Amino acid sequence: MREAVPEMKAAGSRNPGIDALRGLAIVLVVFNHLGIRIPLEQSALADVLPTWLLNRLNWNGYEAVYVFFVISGFLIAGNTLRRWGSLAAIDARAFYARRFARIVPCLLALLVVLGALHLSGVQDYVIHRAGQSLPGALLSALGLHLNGYEGRTGYLPGSWDVLWSLSIEEAFYLGFPLACLLLRRRALLVPPLVLLALSLPWARAALHGNEIWLEKAYLPGMAAIATGVLGALLADACRPPRRTAAMLGWLGALGLGAVLLDGGALWHWLRDGYMLVLTLSALCLLLCCRWRAELGEVPPRRGLGWLRAWGRMSYEIYLTHMFVVFAVVRAYRAWDGDPARGWLWYLPALGLCWLLGLAVERWLSVPSGRWLQARLMGAGSCGRARVQAG
């Protein structure tokens, strides 16, 4: 373990491999929400591509969110180690200020827009289930328990529903600095993280019976985040040979591909254990990206710039993509609603999701984040180099 330093370390640059992995995850989320409404298996693509492949393109959104969880834990813990030298030296006030500046402006803007659309009676945005209300949805989103709210009352409209994962991540952000300051030593922090990470299959198995809560409960999501935190600690503690890093990359790609392309077969053999294959495979890829970047071996691959851009804007796209999905689906149905031509609507949907995410990043999240950081942490904080956001 490297010696902790009291001064905040310089921020690191973005990792192109991690951005690409995060970009893949957000693309799969968008494909999932489009596929629920415009299934690729019913389109003309089924005449040239196997149905199982089209189904996997449409039905990996849930797994993609768990990849996000692993990435989040990895980046948050890794950035903490780079800034403060050790988890025990974390500045909780600065940590919370950064997370607040990153998350809250876009979240509040989204809630204002959704509230206005609900009150205006706009179809696809009206909260109408028994037991649900606009105040209840707002309080659950701001109180970090929208996942629990849906578990009790049923699914919210799509643009609200995406906030379930944010409830889990925000709960992690609140508890992470406290756990670091309370336990302080890695020897005390690592064992509970290992137990939490490995609990994922059993945590899911215990929740069968409530479909919504099975998907959105805190404990499975926290298990995936804990996997990422453990990976950041491992990446900080050792530097393996190039061959080992490359082998981890191939192992991670193989495992992730197996889950995304044939998760049904893995479920048949492993049941809920297939989610552990997913999180550990994502972790292998993250470790490979981190170690190979430190060895100077990972120049950005040509042709993947668009995917890295999606990864950079994954938070903005995740919060706003349902506006595009609903608009594109309505246009598709108004045009002719022919399932055979449904695949043609995917490309414009992806382009519009990217443009909306870019607009939100450029005109809301980046300027408001800088403004908030300058006031919460002091003007000097905004002059430092930018760390890859979690």
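All of the numbers you see were taken from the coordinates with simple rules; none came from a lab. The model shown is predicted, which means the values in this text are computed figures rather than measured ones. Every residue, glycine as well, gets a Cβ built from its backbone with ideal geometry; the counts of neighbours run over all protein chains shown.
Details
- Nearest-20 debye value, region 180-252 charge dipole, Cβ charges on Lys, Arg, Asp, Glu: 420 debye
- Residue-span extension gain [ALA109 to ALA334] - 0.36 nm each, minus C-alpha spacing: 78.1 nm
- Shape category assigned to region 105-165 from the gyration tensor of Cα positions, a/c cut at 1.5: oblate
- Global geometry of region 34-173, whether rounded, prolate or oblate, following the gyration tensor of its Cα atoms and the 1.5 cut on a/c: oblate
- For the pair LEU270 and LEU53, a Förster radius of 30 Å applied to the C-beta separation gives a FRET efficiency near 0.90, rounded to the nearest 0.05.
- Karplus-derived 3J(HN,Hα), 6.51/-1.76/1.60, for each residue of region 184-199, Hz, glycine and proline x: 6, 8, 4, 4, 8, 7, 5, x, x, 5, 5, 4, 5, 4, 6, 6
- In sequence order, calculated HN-Hα J values of region 28-42 (Karplus, 6.51, -1.76, 1.60; Hz; x Gly/Pro): 5, 4, 5, 4, 5, 6, 6, x, 4, 10, 9, x, 5, 5, 9
- Hull volume in cubic angstrom per residue (convex hull over the Cα atoms of region 229-383): 193 Å³
- Acute angle (nearest 10 degrees) that the helix 218-237 long axis makes with the longest principal axis of the chain, alpha-carbon atoms: 40 degrees
- Whole-Hz Karplus values for region 329-342 come out as 5, 5, 5, 4, 5, 6, 5, 7, x, 6, x, 4, 9, x Hz, taken residue by residue from phi with 6.51 cos²θ - 1.76 cosθ + 1.60 and θ = phi - 60°; glycine and proline positions read x.
- Cα-based shape type of region 295-379, given that a ≥ b ≥ c are square roots of the gyration tensor eigenvalues and the cut on a/c is 1.5: oblate
- All Cα pairs of region 16-383, percent lying beyond 32 Å: 33 percent
- Rounded Å value of the spacing that divides the Cα centres of region 36-61 and region 245-270: 20 Å
- Around the amide H of SER86, modelled in the peptide plane, lie the amide H atoms of VAL5, all under 5 Å away and 5 or more residues distant in sequence or on another chain.
- Axis angle, to the nearest 10 degrees, between helix 92-119 and the longest C-alpha principal axis of the chain: 10 degrees.
- Potential extension, ARG14-ASP91 segment - 0.36 nm per residue separation minus Cα distance: 25.5 nm
- Part-to-part distance (alpha-carbon centres) for region 107-147 and region 297-356, which is given in Å: 24 Å
- The chain - charge dipole about Cα centre, Lys and Arg +1 at Cβ, Asp and Glu -1, debye rounded to 20: 1380 debye
- Whole-Å semi-axes of region 140-252's equivalent ellipsoid (Cα gyration tensor): 30, 18, 14
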